[in-house]
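The values are calculated or read from the model by the stated rules, or taken from the named source; none is laboratory data. Fair warning: this is a prediction, and the values are worked out from it, not measured in the lab. With ideal geometry, Cβ positions are generated from the backbone for all residues, glycine too; neighbour counts draw on all protein chains shown.
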Amino acid sequence: MNLSDIGERGAIEEITGLLDSNHPDIIAGPGEDDCAVLKLDGDLEGKILFASDMLTRSRHLPQEMPYSDIGWSAVAVNLSDIASMGGTPRFLTTSLATPDITQQELRDISIGMNRCAREHNAFMVGGDLCKHSELVINCSVVGLAPKNILMRKNAKPNEYLCVTGELGGAGLAAKSITKNLEIPRHTKKKAFEKLFRPQPKIKIGQEISRQGGGAAIDISDGLLISAQQLLNASEVGIQIHTDRIPVDRDIKNAAGKNSITLKQLLEVGGDYEILFTIDDKDKIPSSSTVIGKTLQRKVVMFGDEVLDPGGYDHFK
């Protein structure tokens, strides 16, 4: 079989099954969560978070995307992994493979990376550079873990299922590019800001952790696949109430006029919000929305529909 047969998650399982990560200082290892969680030399208190994400021009970075936004996004998607675990980002490295772009385009990528890092109190500290036929940018980030680490496996039945911010904007922008949709200018601006300049929810993730949140995951590959990943890690079911999902009114109207269903909008990914569980409704951050609950039965319910969830997959 080829990777297109087993998909991205099957490929990850193939890799992680061959790695020896049996070490007392590895709390969460390959493929288990948004970040690896590590102890330093047996230190029971201090824990670090480590994550890495790669973006390529052909899969993630549309030709319409400014080079400064490419740099911003490369950092932002890594910071979002730290955010989903309630952590604090500190340092990043970047490996850049690039064709013969202009000096100014290289400057714009670097400026975008630095702006995103500094806006979230992190620093770029090094990396690597080589020539390649396609633009490929990979960042790795190290952060500090909170006392209450928001790990995917922490969800329990009968908890509130919540999401930060609004969903669907990045999905509409992505579909606008691939299908050349007719969208009002102000709505298009909103949607493309979500896709091109994702905002890592660092402070909200930290608040969720302080308030006693349980499990969490960043919604990079779409709400439905993220719900399935929580289910797989925590051994709980997920009930999503479709009428409670926060979608900007203009985004929803534009999707409807272009015959895009809510489900299709949420399968695209790229919103980089946080899906999380918590057992105390009074401690849910005000910027978040309750969209459902966790169940005893191991299934993802999207309204009344039992889902075989879709989502972004690099090999499909």
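Among the residues here, I6 does not qualify as surrounded by 14 or more Cβ atoms within 10 Å (Cβ to Cβ) and at pLDDT 90 or above. Selection within segment 151-188: residues that are touching a Leu at 6+ places or on another chain (Cβ under 9 Å) and in a loop (DSSP other than H, G, I, E, B). The member of this set that is nearest to I27 (Cα to Cα) is A155. Of the residues that make up segment 212-231, is at least one of a type in the set (S, T, N, Q) and free of Cβ contacts under 8 Å to residues at least 60 places away in the same chain? No - not one qualifying residue is present in segment 212-231. Taken over segment 254-287, the criterion of being surrounded by 23 or more Cβ atoms within 10 Å (Cβ to Cβ) and polar (S, T, N, Q) is satisfied by T277 alone.
Of the residues making up segment 110-136, those that are among the charged types (D, E, K, R) and either part of a helix (DSSP H, G or I) or in contact with a Phe, Trp or Tyr (Cβ under 8 Å, 6 or more places away or on another chain) (or both) are R115, R118, E119.
Flag: A191 matches the condition of being in a helix (DSSP H, G or I) and farther than 16 Å from T277 by Cα. Among the candidates S73, S68, the residue that is among the small types (G, A, S), in a helix (DSSP H, G or I) and touching a Phe, Trp or Tyr at 6+ places or on another chain (Cβ under 8 Å) is uniquely S73. Scanning segment 228-264 for residues that are modelled with pLDDT of 95 or more, over 21 Å from K190 (Cβ atoms) and under 20 Å from the mean Cα position of the chain (by Cα) yields a count of 2. Set side by side, the residues I217, I251, I208, I225 differ, and just one is buried (at least 23 other Cβ atoms within 10 Å of the Cβ), touching a Lys or Arg at 6+ places or on another chain (Cβ under 6 Å) and not aromatic (F, W, Y), which is I217. With respect to I251, is the statement that it is outside any helix (DSSP H, G or I), among the aliphatic types (A, V, I, L, M) and in the same structural domain as G165 (by TED's automatic domain parsing) true? When the stated conditions are applied, I251 does not pass them.
For segment 88-107, the count of residues that are outside any loop (DSSP other than H, G, I, E, B), of a type in the set (K, R) and either within 21 Å of W72 (Cα to Cα) or modelled with pLDDT of 95 or more (or both) is nonzero.
For segment 124-137, the count of residues that are of a type outside the set (A, V, I, L, M, F, W, C), modelled with pLDDT of 95 or more, in the same structural domain as P62 (by TED's automatic domain parsing) and within 17 Å of D218 (Cα to Cα) is zero.
Among the conditions (1) assigned to a helix (DSSP H, G or I); (2) charged (D, E, K, R); (3) out of contact with any strand residue (DSSP E or B) (no Cβ under 9 Å at 6 or more places or on another chain), D221 misses just one, which is (1).
Taking the listed residues S84, S80, S68, the one that is more than 17 Å from the chain's Cα centre (by Cα), crowded, with 17+ Cβ neighbours inside 10 Å and either farther than 24 Å from E119 by Cβ or among the hydroxyl-bearing types (S, T, Y) (or both) is S68, with no other qualifying.
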